[in-house]
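Everything on this sheet refers to the single structure shown next.
Values in this text are rule-based calculations from the coordinates and carry no lab data. Because the structure is predicted, anything quoted here is derived from the model rather than measured. Quick reminder, even Gly has a Cβ in these numbers, built from the backbone with ideal geometry, and neighbours come from all protein chains shown.
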Amino acid sequence: MSSDSIQTRFVDEIKLRAYDDRYIDKNEEREILQIAIQQGIGIDAARSDLARVCEQNGYVLESALMAQIRTQAETSVASTGHLDRDAFDRIFTDAKAAAAGRKNDRELKKIAILVIEDAGLNRVKTGWFTDWYGAIKRELGMG
């Protein structure tokens, strides 16, 4: 199958799965990648084609959003040794811009917390009388 026909097929599969919200979650991404593998495309080529098609057509790819959050959290923790409230707010603001209104604030904060904890980056700096990270988790029903 040629690259153009694969890209056309990706666009069709994306439109079928993300027509209403223009957001490709991990399950939808897996389904689309399985179709590409069945067509004889390598996983790395399929991922890069999917990312390119999503970017060209204005779809948000959840795995790309999660990778962005993880990279920013890793950078913050590497430079200061912990994650502070300002760094979390920057990560959240950048994720909100990347999501382009496809996810609400609550969902984005949940995604950010899950990524931070999965990566083991939840070493947070708290104030004397406040635990901002714990408060966010409680607010989201995660802690």
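With no solvent and one equal point scatterer placed on each C-alpha of region 62-140, evaluate the Debye formula and give log10 I(q)/I(0) for q = 0.24 Å⁻¹, two decimals.
Taken in order of the listed q values, log10 I(q)/I(0) reads -1.19.
Can you give me the relative contact order of the chain as a percent, contacts being Cα pairs under 8 Å and 6 or more apart?
Relative contact order, the chain: 21 percent.
Give me the distance between the Cα centres of region 53-93 and region 3-31, rounded to whole Å.
23 Å
Stretch Asn57-Asp20 to full length: gain in nm at 0.36 nm per residue minus the Cα-Cα span?
Taking 0.36 nm per residue and subtracting the Cα distance, the gain is 11.9 nm.
Could you pull out every residue, at least 5 positions away or on a different chain, whose amide H is within less than 5 Å of the one on Leu83? Hs are placed 1.01 Å off N in the peptide plane, and Pro or chain starts have none.
Here the answer is Arg123, Val124, Lys125, since their amide H atoms fall under 5 Å of that of Leu83.
Using alpha carbons only, how many degrees (0 to 90, rounded to 10) separate the axis of helix 62-80 from the longest principal axis of the chain?
Between helix and principal axis, roughly 30 degrees.
What is the P(r) of the chain, as percent of Cα-Cα pairs per 10 Å bin from 0?
Spelled out bin by bin, the chain gives 11, 37, 27, 18, 6, 1, 0 percent.
Please sort 65-73, 86-94 by packing, taking for each peptide the average over its residues of neighbouring beta carbons within 10 angstrom, highest first.
65-73, 86-94
What residues qualify as long-range amide H neighbours of Val60, i.e. H under 5 Å apart, gap of 5 or more or another chain, H built at 1.01 Å from N?
Tyr23, Ile24
Below 8 Å between Cα atoms, with a sequence gap of 6+, how large is the relative contact order for region 62-140 in percent?
Result for region 62-140 is 38 percent.
Kindly identify region 43-101 as rounded, prolate or oblate by the Cα gyration tensor criterion: order the square roots of the eigenvalues as a ≥ b ≥ c, call it rounded if a/c is under 1.5, otherwise compare a/b with b/c, prolate if a/b is larger, else oblate.
Cα axes put region 43-101 in the oblate bin.
Take the Cα gyration tensor of region 3-58, multiply each eigenvalue by 5, square-root it, and list the three semi-axes largest first, rounded to whole angstrom.
Listed largest to smallest, the semi-axes of region 3-58 are 17, 12, 10 Å.
Obtain the nm distance between the two label points defined at Arg106 and Thr8 by a simple spin-label model: each point lies 7 Å from its Cα along the Cα-to-C-beta direction.
4.3 nm
What FRET efficiency, computed as 1/(1 + (r/R0)^6) with R0 = 35 Å and r the Cβ-Cβ distance, is obtained for Ala119 and Gln39, rounded to the nearest 0.05?
Step by step, r from the Cβ atoms, then E = 0.60.
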